[in-house]
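To keep things clear, I will list the structure first and then write my remarks on it.
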Amino acid sequence: LRVLLREGQTARLLEQLHEGDLDLLLLALERELGDVETLPLLTDPFLLAVPPGHRLARRKRVNERDLDDEQLLFLDDGHCLRDQALAVCARNGAREVDDFRATSLATLVQMVCGGVGMTLLPELAAKVEGKAESRLTLIPFVGKKPGRTIGLAWRSSSLRGPEFKLFAAVVRSALG
């Protein structure tokens, strides 16, 4: 077994999976993935990332309704996180900052730190992106927390399904 790790946009990774170039994907499962088997691993809740001077920065917790009439920063088209964050905003009356889109979470975090706006940051990413930045306030949501489900996906025709399920058990164990 040769393990090759690649990062990419979901659409391209799915193409590579269906073409047989990749055997197993680790990704957010909220998107339509086509003819694949999936296995959820964990829930990755979103945090609200705001600059320290923002009106919500002193709050210990926020509610999705607090997003009403707010402007948020998002990743560029093609990123599944963009679609997931837009869905949260559509439910709550928030809108996108029209003249900005980032190509990476690091850029998005820097723009929030610079006071350009706020964003939704996955908790898993916040452990890396939020640590290095003291000019960022991360606020958890209460109630029904917005987020995404991270899991595995593989071709339905693959004979390695049982191996992938064993791999999932190892990942779950490692995550605690």
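The values are calculated or read from the model by the stated rules, or taken from the named source; none is laboratory data. Here the structure is a predicted model, which means the values were calculated and not measured. Methodologically, a virtual Cβ is constructed for each residue, glycine included, from the backbone with ideal geometry; neighbour enumeration extends over all protein chains shown. For the accessible areas, the whole protein counts, side chains as well, though only heavy atoms, and no ligand, DNA or RNA atoms are used. Shrake-Rupley method; radii C 1.70, N 1.55, O 1.52, S 1.80 Å.
Hey, can you grab everything whose amide H is under 5 Å from the amide H of Met118? Only 5+ residues off in sequence or another chain; H modelled, so Pro and N-termini drop out.
Close amide H contacts, sequence-distant or interchain: Leu73.
Distances over 16 Å make up what percent of all Cα-Cα pairs in region 33-110?
Numbers: 1788 of 3003 pairs.
Tail fraction, whole percent: 60.
What whole-number value in Å² describes the accessible area per residue of region 66-132 for a 1.4 Å probe? It would help to have the intermediate numbers written out before the result.
Working: 3100 Å² over 67 residues.
So region 66-132 comes to 46 Å² accessible per residue, rounded to a whole number.
Could you order Glu32, Glu96, Glu19 so the one with the most accessible surface comes first? Probe is 1.4 Å.
Working: Glu32 145, Glu96 35, Glu19 115 Å².
Of Glu32, Glu96, Glu19, the descending order of accessible area is Glu32, Glu19, Glu96.
Please give the per residue volume of the convex hull enclosing the alpha carbon atoms of the chain, rounded to a whole number of Å³. Walk me through the intermediate numbers first.
Values: hull volume 22.7 nm³, N = 176.
That works out to 129 Å³ per residue.
Just grab the label-to-label distance for Val170 and Asp98, each label 7 Å out from Cα along the Cβ direction, in nm (one decimal).
5.1
Summing +1 for each Lys or Arg and -1 for each Asp or Glu, what net charge is found among the other residues whose Cβ lies under 15 Å from the Cβ of Arg91? Before the final figure, lay out each step's value.
On the way: positive: Arg65, Arg95, Lys144, Lys145, Arg148; negative: Glu30, Glu64, Asp66, Asp68, Asp69, Glu70, Asp83, Glu96.
Overall, the nearby charge balance is -3.
I'd like the FRET efficiency for Gln110 and Val142, computed as 1/(1 + (r/R0)^6) with the beta carbon distance as r and R0 of 30 Å, rounded to 0.05.
Working: r = 27 Å, r/R0 = 0.91.
Computed FRET efficiency for Gln110 and Val142: 0.65.
Please work out the Kirkwood hydrodynamic radius for region 1-74, using every pair of different C-alpha atoms, and report it in angstroms with one decimal place. Kindly include the intermediate steps, with their values, before the conclusion.
Numbers: mean 1/r = 0.0626 Å⁻¹.
In region 1-74 this quantity evaluates to 16.0 Å.
With equal scatterers on the alpha carbons only and no solvent term, can you work out the Debye log10 of I(q)/I(0) for region 119-176 at 0.31 1/Å?
-1.26
What's the longest uninterrupted piece of the chain once you rule out the trypsin sites (Lys or Arg not before Pro) that are loop residues per DSSP with at most 13 other Cβ within 10 Å? Please list the in-between numbers first.
Working: sites that count: Arg2, Arg6, Arg55, Arg58, Lys60, Arg61, Lys131, Arg135, Lys144.
Within the chain, the longest run free of exposed trypsin sites (Lys or Arg not before Pro) spans 62-130.
Among residues other than His18 whose Cβ falls under 10 Å from its Cβ, what is the net charge (Lys/Arg +1, Asp/Glu -1)?
Working: positive: Arg155; negative: Glu15, Glu19, Asp21, Asp35.
Once positives and negatives cancel, what remains is -3.
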